[in-house]
Amino acid sequence: MSAPSVRPVSEREARQVAEAAREQDWKKPSFAKELFLGRFRLDLIHPHPSPAVEDVRRGEEFLSKLRDFCETRIDSARIEREARIPDETIEGLKELGALGMKIDTKYGGLGLTQVYYNKALALVGSASPAIGALLSAHQSIGVPQPLKLFGTQEQRDTFLPRCARTDISAFLLTEPDVGSDPARLATLAVPDGDDYILDGVKLWTTNGVVADLLVVMARVPKSEGHKGGITAFVVEAASEGITVENRNAFMGLRGLENGVTRFHQVRVPAAHRIGPEGAGLKIALTTLNTGRLSLPAMCVGAGKWCLKIAREWSTVREQWGKSIARHEAVGSKIAFIAATTFALEAVVDLSSQMADEDRNDIRIEAALAKLYGSEMGWLMADELVQIRGGRGFETAASLAARGERAVPTEQILRDLRINRIFEGSSEIMHLLIAREAVDAHLSVAGDLIDPEKTLGEKAKAGARAGGFYARWLPKLVTGPGQLPRTYTEFHPPGHRDLSGHLRFAERSSRRLARSTFYAMSRWQGRLETKQGFLGRIVDIGAELFAISAACVRAEALRAEGDHGTEAYQLADAFCRQSRIRVEELFGRLWTNTDELDRKVVASVMSGAYEWLERGVVDPSGEGPWIADATPGPSKAENVHRPIH
C-alpha cells in the first residue's frame, strides 16, 4: 500500500499557518486575557450578566418540550445496544426544531441564546451523549455557525432553512494524517471555471454518515487570479463523487454517525465557498470561539447526573454500619463532584451569557471552559465509577439482567473520554490558550526572540519591550488581593466568606503573570518548546477563572433568592479544593521532571529500552499505522444514509 498523500511541511511553515489563522486583534475586553496579564478585572464579570426576559421565556418553553421528548422518546439503552440513534428519534428531533436551536427565527430556527442552547445540550446529552454530539456537531461547527458569521445573504437564505428543520450538517477538517496541524492539509479544491473540483479523504467526520450538507476545508492551489490557501466550502453530501467509506466505531458514543469521507472529482460551485480563498482555517477557529462551549455544557449535564447517582446510591449502600457517604474516603469524592459541577456550570453559564451580550471577547474563556470541562467531567465520572465499586464497572444491561437498577456508570466514563480529544485535544488547547496568554509579550518582544530578525529589528524590539515592562512589571507587585477588606460584597451576613477566595485569585493572577515573565526571560524563544510549563500556566488560569465564576454565580443566586446559602457553600468548597490544586501547580512550574522526561523519551525513541517491552504479546492486527489517503475513485461501498 502506498504512503499517505500528505504534503511535507516544515515546523516554521506549520507555525506560520496557525499564526495567520489567529484572530490577532483584541477589540473587546477579555476577563481571561487580563487574568493572564496579572490584571484581575472582576468588573468584567460581576455583577453576573443576566439574560433578557423574552429570551428566558422562549428558552424555558423549549426546555420543557425537550425534557418531555427526552423522557418519552429517547431510549438510551437501545442506542447503546444497537450503536445507532433510531431514525424515528432523529425525525422527532427535527419536528421539535432541535436542529435549529441556534438558527435565527427568520430562517425557521428557534433563535435560542447561547445560554439556552447550552442548557438544551446538557439536557439532551444526559439522555444520550450520542444525540448531544449529533446536535452539537450540526449547529456548533457544522454549516449553520460559519454561515451565520461569514456566509453571504444568498448562502444563508439557501442553506439555513434546510439546516433548521430537515438537513443534518457535518464539519470536515481532519484527515488520516492531519490532525491539529492543518498546514499539512492534503485535500485539494482546484478552480475550474465557476466551480472547484474537490479531491481528498476526510477522517472522523462526525454526522458524516447521515449528513445532507458538509462544511469542507480544502487547500486551493495558488494560481493566476486565485490567492489560494485553506478554504471553506458548503458541499451537498449527495454530490457525485462523494463516498462515505466507513462508519467508524468507538470506545464510547456508540450512536455516533462518524465516518471516513472520500471526495473524487467532486464539483462544487464557487458560490458555495464560505468567505475568500485562504480564510478557511480562520473561519474554523472563529466558529469554535463560541462553538467550543457546547462540549463543556454537556460535561455540566454529566456532572449533574453523576451527582444524582452518587447521592442516591450512597443513600442506600451501607458498609460497616453506616452509609458509604459518611466514610470520608467516599464522602470526599461526592464533595468533589458536587463542588466541581457547581463551578463548571458557573463557568459555562457565565461564558455563554457573555457570548450572548457580545460585549466581551470570550475566545480564551471558551477555550478554558472546553479544557477545564472535559478534564473535570472525566474525573467526576471516574470518581462515580469508584463510588459505585464493582457495579460501576458492570454494564447497565448486566445490572438489569440480574435484577438491579440499570445505571450506565461505565458508559458515561467511556462517553466522556473523547471530550479530552474532541474539538482540540487538551494538549492542543494548552498550547492554543498559552499562545493567547503570552500574546502581549510577543507583540512587544516577539522580534527580540525571533532568530530570523536582524540586529536592527531586535534593537527596536528591545526598546519597545523595555518601555512595556517598565510600565507593566511594577503593577504586579501589589494589588487588591493584599487588602483584607476588598470584595466584601462576597461576604454577606449569614453566609460563608467568599471574599478571601477572590483575593487569592487576584494575588495569584499577578503571580501567574510574573511567572510567565520569568519564563520569557529565562528561555526566550525556547519558551514555546516548554510545553509542560505552558500547560501548567494555562491550568492555573483555568482554576482562577473557575474560582471567579463560582463566586460570581453564588452571589448572583443569593441576590436572586435562589438557593443562595447552598450556592455559597458549594462555591466555598470548590474554591478551597481549587486553591490546593493552584498551589501545587505553581510549585510544579519550577520543580518538575520535564528535563529528565525529555531524556527518557529520547532513549525510548532510540530503542534503548526495547528490552523493557519483552515478556508480552501484541494482540494488534496487521496493517499500516495510518491509512492510505491517496486521492482517487473510491473502491468501497457507500454507507451514506441520509435520514428523510
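The values are calculated or read from the model by the stated rules, or taken from the named source; none is laboratory data. Here the structure is a predicted model, which is why all the values come from computation and not from measurement. No Cβ is skipped: glycine too gets one built from the backbone with ideal geometry, and neighbour counts run over all protein chains shown. SASA here: full protein model, heavy atoms, side chains in, ligands and nucleic acids out. Shrake-Rupley method; radii C 1.70, N 1.55, O 1.52, S 1.80 Å.
Considering segment 405-426, and only residues there that are acidic (Asp, Glu) and modelled with pLDDT of 95 or more, the residue that is least open to solvent (accessible area, probe 1.4 Å) turns out to be Asp415. Looking only at segment 431-443, decide whether some residue is surrounded by 19 or more Cβ atoms within 10 Å (Cβ to Cβ) and closer than 26 Å to Ile131 by Cα. No.
Scanning segment 207-255 for residues that are closer than 25 Å to Thr287 by Cα, within 26 Å of the chain's Cα centre (by Cα) and charged (D, E, K, R) yields Asp212, Arg219.
Within segment 61-76, the set of residues being closer than 22 Å to Thr409 by Cβ and either open to solvent by 90 Å² or more (accessible area, probe 1.4 Å) or out of contact with any Ser or Thr (no Cβ under 7 Å at 6 or more places or on another chain) (or both) comprises Cys70, Glu71, Asp75.
Restricting segment 593-628 to residues that are in a loop (DSSP other than H, G, I, E, B) and more than 30 Å from Glu175 (Cα to Cα) leaves a set whose member that is least open to solvent (accessible area, probe 1.4 Å) is Ala608.
Counting the residues of segment 220-239 that are part of a strand (DSSP E or B) and open to solvent by less than 10 Å² (accessible area, probe 1.4 Å) gives 6. Which pairs do you get when a residue that is without any contact (Cβ under 8 Å) to a residue 60 or more places away in the chain and open to solvent by less than 40 Å² (accessible area, probe 1.4 Å), found in segment 484-501, comes within reach of a residue that is not in a loop (DSSP other than H, G, I, E, B) and not hydroxyl-bearing (Ser, Thr, Tyr), reach meaning Cβ atoms under 7 angstrom, with the pair 6+ apart or on two chains? Close Cβ pairs (under 7 Å, with a partner that is not in a loop (DSSP other than H, G, I, E, B) and not hydroxyl-bearing (Ser, Thr, Tyr)) amount to Thr486/Pro480; Thr486/Arg503; Ser499/Phe490.
Of the residues Arg58, Arg81, Arg41, only one is out of contact with any Gly (no Cβ under 9 Å at 6 or more places or on another chain) and under 25 Å from Glu357 (Cβ atoms); which? Just one listed residue meets the conditions, Arg41. If you go through segment 343-394 and pick out every residue that is within 27 Å of Arg405 (Cβ to Cβ) and open to solvent by less than 20 Å² (accessible area, probe 1.4 Å), you end up with 9. Taking segment 454-483 as the range and being farther than 24 Å from Ile45 by Cβ, open to solvent by 60 Å² or more (accessible area, probe 1.4 Å) and of a type in the set (A, V, I, L, M, F, W, C) as the test, the residues that pass are Leu455, Ala459, Ala463, Ala470, Val477.
Restricting segment 172-206 to residues that are hydroxyl-bearing (Ser, Thr, Tyr) and part of a loop (DSSP other than H, G, I, E, B) leaves a set whose member that is nearest to the chain's Cα centre (by Cα) is Ser180. I'm checking my understanding of the structure. Among residues of segment 271-283 that are open to solvent by 10 Å² or more (accessible area, probe 1.4 Å), not basic (Lys, Arg) and not in a loop (DSSP other than H, G, I, E, B), which one is nearest to Ala636 (Cα to Cα)? Top of the filtered list is His272. Scanning segment 540-592 for residues that are polar (S, T, N, Q) and surrounded by fewer than 21 Cβ atoms within 10 Å (Cβ to Cβ) turns up Thr565, Gln569, Gln577, Thr591, Asn592. Filtering segment 250-309 to residues that are out of contact with any helix residue (DSSP H, G or I) (no Cβ under 7 Å at 6 or more places or on another chain) and among the β-branched types (Val, Ile, Thr) leaves Val260, Thr261, Val266, Val268. So, of the residues in segment 240-252 that are farther than 17 Å from His640 by Cβ and among the hydrophobic types (A, V, I, L, M, F, W, C), which turns out to be least open to solvent (accessible area, probe 1.4 Å)? Going through the qualifying residues, I end up with Phe250.
Annotation: of all residues in segment 255-270 being polar (S, T, N, Q) and open to solvent by less than 10 Å² (accessible area, probe 1.4 Å), the one that is nearest to Ser136 (Cα to Cα) is Asn258.
The set of residues in segment 35-60 that are assigned to a helix (DSSP H, G or I) and either more than 30 Å from Arg507 (Cα to Cα) or open to solvent by less than 80 Å² (accessible area, probe 1.4 Å) (or both) comprises Leu35, Phe36, Leu42, Leu44, Val53, Glu54, Asp55, Val56, Arg57, Arg58, Gly59, Glu60.
Only a single criterion out of (1) touching a residue at least 60 places away in the same chain (Cβ under 8 Å); (2) not in a loop (DSSP other than H, G, I, E, B) is not satisfied by Val209, namely (2). Of all residues in segment 82-107, those satisfying the criterion of being closer than 26 Å to Gln155 by Cα and without any contact (Cβ under 8 Å) to a residue 24 or more places away in the chain are Glu95, Thr105, Lys106.
Scanning segment 603-642 for residues that are among the hydrophobic types (A, V, I, L, M, F, W, C) and farther than 30 Å from Ala186 by Cα turns up Val604, Ala608, Trp611, Leu612, Val616, Val617. Among residues of segment 244-262 that are part of a loop (DSSP other than H, G, I, E, B), those with a beta-carbon under 7 Å from a residue that is of a type in the set (Asp, Glu) at least six positions away or on a different chain give the pairs Gly252/Asp415; Leu253/Asp415; Arg254/Glu80. Among the residues making up segment 345-389, a single one is without any contact (Cβ under 8 Å) to a residue 40 or more places away in the chain and β-branched (Val, Ile, Thr): Val385.
State yes or no: is Ile309 outside any strand (DSSP E or B) and either more than 27 Å from Ser126 (Cα to Cα) or hydroxyl-bearing (Ser, Thr, Tyr) (or both)? It is false that Ile309 is outside any strand (DSSP E or B) and either more than 27 Å from Ser126 (Cα to Cα) or hydroxyl-bearing (Ser, Thr, Tyr) (or both).
Scanning segment 294-328 for residues that are at pLDDT 95 or above and aliphatic (A, V, I, L, M), which turns out most open to solvent (accessible area, probe 1.4 Å)? Of everything passing the filter in segment 294-328, Leu307 is most open to solvent (accessible area, probe 1.4 Å).
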